[in-house]
Amino acid sequence: QEPISFIIIAGNSNEFIKSFKKSGWYLADSVSASSLVKTIKDAILKREYLNAPITPSFWNKQTHTFGFEKPTETNNIRQRHHARFWKTSYITADGKNIFIGTASLDSGIKWGVTHKINPSIDTERGFLFSGLQDSGIIQSFRKEQFVEPIIGKNFTGDQFFTDGEAYIIIF
């Protein structure tokens, strides 16, 4: 998997979701028969589905808690910005929740059911951070080395590269 590139501290899940919505991101629908049919139809017709379910990603053997997406200029389901976040069990001393996440840009569809990501996940990390910062929801942040720089592959075989840094953000 791609390494964690965000650690976000927020009051609760609702505040976390509202912050992303304020930044122009859409909460992805859960996977269901109807959402999958709509996804396939919109992919074939090259239409946008702003809340399409997204391919699962895993941390600590768990699928992401929240998936967010944002359309690109192509405005269709084949290409879009994605962010996946997990609500951890960690709570700060002042009672806030800690969420961790990744960001990637889907550059196309492969195998007819999943997306191919752009390998420059640091560019997408910067895109997500800039959007959050521009929306005025960040109280404070810092960027730190989280893992060593790496070239790797995610679980669907897409190559990625990163400098290994992560943003630590307080909403």
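Considering each of 97, 76, 60 in turn, give the residue that is polar (S, T, N, Q) and modelled with pLDDT under 85.
After applying the criteria, what remains is 76.
Since residue 132 meets every condition but one in (1) open to solvent by less than 20 Å² (accessible area, probe 1.4 Å); (2) in a strand (DSSP E or B); (3) within 16 Å of residue 5 (Cβ to Cβ); (4) touching a residue at least 24 places away in the same chain (Cβ under 8 Å), which condition does it not meet?
The failed condition is (2).
What tally of residues in the stretch 6-51 results from selecting those that are in a helix (DSSP H, G or I), among the polar types (S, T, N, Q) and either within 13 Å of residue 76 (Cα to Cα) or at pLDDT 95 or above (or both)?
If we filter the stretch 6-51 for residues that are in a helix (DSSP H, G or I), which is where we start, we get 13-22, 33-44.
Still in the running and among the polar types (S, T, N, Q): 13-14, 19, 34-35, 39.
Checking the rest, the ones that are also either within 13 Å of residue 76 (Cα to Cα) or at pLDDT 95 or above (or both) come to 13-14, 19, 39.
Counting residues in the stretch 6-51 that are in a helix (DSSP H, G or I), among the polar types (S, T, N, Q) and either within 13 Å of residue 76 (Cα to Cα) or at pLDDT 95 or above (or both) gives 4.
Can you name every residue in the stretch 106-129 that is at pLDDT 95 or above and either closer than 19 Å to residue 86 by Cα or open to solvent by less than 50 Å² (accessible area, probe 1.4 Å) (or both)?
Listed by number, the residues that qualify are 120, 121, 122, 124, 125, 126, 128, 129.
Quick check on this structure: which one of 90, 49 is in contact with a helix residue (DSSP H, G or I) (Cβ under 7 Å, 6 or more places away or on another chain) and of a type in the set (Phe, Trp, Tyr)?
Values: 90 fails: in contact with a helix residue (DSSP H, G or I) (Cβ under 7 Å, 6 or more places away or on another chain).
Selected residue: 49, the only one of 90, 49 that is in contact with a helix residue (DSSP H, G or I) (Cβ under 7 Å, 6 or more places away or on another chain) and of a type in the set (Phe, Trp, Tyr).
What is the one condition in (1) surrounded by 16 or more Cβ atoms within 10 Å (Cβ to Cβ); (2) more than 23 Å from residue 142 (Cβ to Cβ) that residue 45 does not satisfy?
Among (1) surrounded by 16 or more Cβ atoms within 10 Å (Cβ to Cβ); (2) more than 23 Å from residue 142 (Cβ to Cβ), residue 45 violates only (1).
Among (1) surrounded by 15 or more Cβ atoms within 10 Å (Cβ to Cβ); (2) over 14 Å from residue 3 (Cβ atoms), which single condition is residue 74 missing?
All conditions pass for residue 74, except number (1).
Test residue 141 against the criterion of being open to solvent by 40 Å² or more (accessible area, probe 1.4 Å), hydrophobic (A, V, I, L, M, F, W, C) and without any contact (Cβ under 8 Å) to a residue 40 or more places away in the chain, and give yes or no. Quick ask: steps written out before the conclusion?
Values: open to solvent by 40 Å² or more (accessible area, probe 1.4 Å): yes; hydrophobic (A, V, I, L, M, F, W, C): yes; without any contact (Cβ under 8 Å) to a residue 40 or more places away in the chain: yes.
Criteria met by residue 141.
The values are calculated or read from the model by the stated rules, or taken from the named source; none is laboratory data. Computed from a predicted model, the values in this text were never measured in an experiment. All Cβ positions, glycine included, derive from the backbone under ideal geometry; neighbour counts span all protein chains shown. Accessible surface is based on the protein model in full, side chains and every heavy atom, while ligands, DNA and RNA are left aside. Shrake-Rupley method; radii C 1.70, N 1.55, O 1.52, S 1.80 Å.
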